[in-house]
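The values are calculated or read from the model by the stated rules, or taken from the named source; none is laboratory data. What you see is a predicted model, and the numbers here were worked out from it, not measured in a lab. Here the Cβ positions follow ideal geometry from the backbone for every residue, glycine too, while neighbour counts run over all protein chains shown. When the accessible area is computed, the model is the full protein with side chains, heavy atoms only, and any ligands, DNA or RNA have been set aside. Shrake-Rupley method; radii C 1.70, N 1.55, O 1.52, S 1.80 Å.
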Amino acid sequence: MEDYGSSDEDIYSSDQESYDGLENEEADSQWGSSTGNSCKVITRESLLVAQREDLRRVMDLLSLREHHARTLLIHYRWDVERLFAILVEKGKTCLFAEAGVTILEEVDVDSSVSSSTMMCGICMEEVAGSEVTKMDCGHCFCNDCWTEHFIVKIKEGQSKRIRCMAHKCFAICDEAVIRKLVSKRHPDLAEKFDRFLLESYIEDNKMVKWCPSIPHCGNAIRVETDEFCEVECSCGLQFCFSCLSEAHSPCSCWMWELWTKKCRDESETVNWITVHTKPCPKCHKPVEKNGGCNLVSCICGQAFCWLCGGATGRDHTWSSIAGHSCGRYKEDQEKKSERAKRDLYRYMHYHNRYKAHTDSFTQESRLRETIKEKVASLESRDSRLRDFSWVTNGLYRLFRSRRALSFSYPFAFYMFGDDLFKDEMTNEEKEIKQHLFEDQQQQLEANVEKLSKVFEDPFDGFEETEIMDMRMQVLNLSVVTDTLCKKMYECIETDLLGALQFSSHNIAPYQSKGIERATELNGGRNTKANNNITCQKAHDQTNVELVDWQTVSKGSRLPFFSCYLREGQHSMLLLFKVVGASWSGQRVGEMEK
């Protein structure tokens, strides 16, 4: 293999800032992942806090009761940005109608009915006014009918959005009323109802997912920006947030699913089926031959020739099948055989290299304790050298680069094969892109092997000059491998996947400090404190008082801002959306002071 590392003089000499960053990485990320604020761990205890954050944002913005805000969020799958976008573009009336939220000023809030008796429209019986409940939509029925309706819906698993019993009424029932009525007859169902409402924040939220650890650690992970990312739970499991399988970038989720299935299909059982059976030409199920005759019948009724697999009639003798002859040599059969052999060799090429780097990653991971012992031995010596963070940080750079290199082979198998992107590129374009990718892959592979070899040396017995030489070597190789990893990811995202026209594949972005470790959720987003915007100029040009101006949606997709204005005895809530360099405004509400 060509020595690419020796030809990268410009990379070695121009990365002093990278050296400094490598030596000053956080101590807690030396052996694990980077720690950031873009993903949070939600435990059973903090789940209610996380849910109330979004509830409070919607309640404050639209001046709603909690159950109305929850109904909106469940309908829009806890996507606050989408909710605000619909509010700006379609207005509050459309927003509420789509979610089944009905707010009528004339409906009494406590759902009580003042009349002495009334007839229930469900059971058609006269009941006392105290035994009747009215919902926000204005429909009222007896408590027994409501209770039975709620119990049936909870048992059917529809407790998150229980609709009114009235014909063609799509209003969502008040969760407080449901809880009150059901708890009188079935307290266990009321607890189940509360649990469903609480866990809807995870089950219906695309930005929050359960950790896929086995056995389950009980945690959920919330990401703030992009769902195509890789995270690490507090239990230590690293996984792809999008598909919940192991972290697999630069493979896309679809590629990784196909690859794992293909690897599983190469088992002994499948090998036996391949050798001892042939597929039926009609239903394609494997058929085993249990007699001497070459005319085989499938359970679907199709007869076919065992020698060539072609469909035939049933008229035959012991020596031949009527109207069928497969004893003559055919060019097509030879081509199919050669293609099958070529496909097998191609798969073995990529699988062997994927497996080799995966095994190397496993072996190198076992160096952690050995390296720690060597570093401790060096620190105990009477020497001028005291800082050995470059050792642990360099080792972790090796882990990250080895993992990326390992998963680059399944990516290349599908990117340059005929399974997924046959119609996306011509053969000439495919060849050019394949050479481009393989050149970068080969450079990365060469430097990863060099870095791995350095850590296998018994450096705990080195003299100071030898340790200084090793330090510079580790720093150089660490910077080079990190740079090459970034370039390989950029090539994949821009030149390969980014150029696709008929399909879309997304990969988790490369992180120099490794997969981000989710931090504990112990407080709110504190949106108001962190996102206040000074609008003194706008205040000076108007005759209204600016009561509050804040960001109500933190995200990369649609930035929204709200402000409360007061003029005399009136106050108004305005919601703004940034569109390019202009503003798009929507008056949300106007209240008497």
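Among residues of the stretch 204-226 that are open to solvent by 50 Å² or more (accessible area, probe 1.4 Å), those with a beta-carbon under 7 Å from a residue that is part of a loop (DSSP other than H, G, I, E, B) and among the basic types (Lys, Arg) at least six positions away or on a different chain give the pairs Lys206/Arg77. Of the residues making up the stretch 50-95, those that are of a type in the set (A, V, I, L, M, F, W, C) and farther than 16 Å from Leu197 by Cα number 14. Within the stretch 42-71, being among the polar types (S, T, N, Q), under 23 Å from the mean Cα position of the chain (by Cα) and not in a loop (DSSP other than H, G, I, E, B) holds for one residue alone: Gln51.
Close contacts from the stretch 169-198, counting a first residue that is free of Cβ contacts under 8 Å to residues at least 24 places away in the same chain and a second that is of a type in the set (Val, Ile, Thr), with Cβ to Cβ under 9 Å and a gap of 6+ residues or different chains, come to Lys180/Thr133; Ala190/Ile154; Ala190/Ile178; Ala190/Val182. The set of residues from the stretch 354-377 being at pLDDT 85 or above, buried (at least 16 other Cβ atoms within 10 Å of the Cβ) and of a type in the set (A, V, I, L, M) comprises Ile371, Val375.
Summed over the stretch 396-409, residues that are touching a Leu at 6+ places or on another chain (Cβ under 7 Å) and of a type in the set (A, V, I, L, M) total 2. On inspection, Trp306 fails the criterion of being among the aromatic types (Phe, Trp, Tyr) and under 39 Å from the mean Cα position of the chain (by Cα).
If you go through the stretch 160-178 and keep only what is surrounded by 17 or more Cβ atoms within 10 Å (Cβ to Cβ) and more than 14 Å from Trp78 (Cβ to Cβ), you end up with Ile162, Cys164, Met165, Ala171, Ile172, Cys173, Asp174, Glu175, Val177, Ile178.
The rows are residues; the columns are (1) open to solvent by less than 60 Å² (accessible area, probe 1.4 Å); (2) acidic (Asp, Glu); (3) over 27 Å from Leu420 (Cα atoms); (4) modelled with pLDDT under 85.
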| residue | (1), (2), (3), (4) |
| --- | --- |
| Phe228 | no, no, no, no |
| Cys233 | yes, no, yes, no |
| Ser245 | yes, no, no, no |
| Cys280 | yes, no, no, no |
| Cys298 | yes, no, yes, no |
| Gly301 | yes, no, yes, yes |
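For first residues located in the stretch 421-434 and within 12 Å of Leu496 (Cα to Cα), partners that are open to solvent by 30 Å² or more (accessible area, probe 1.4 Å) and among the acidic types (Asp, Glu) and lie 6+ apart or on another chain with Cβ distances below 7 Å form the pairs Lys433/Asp495.
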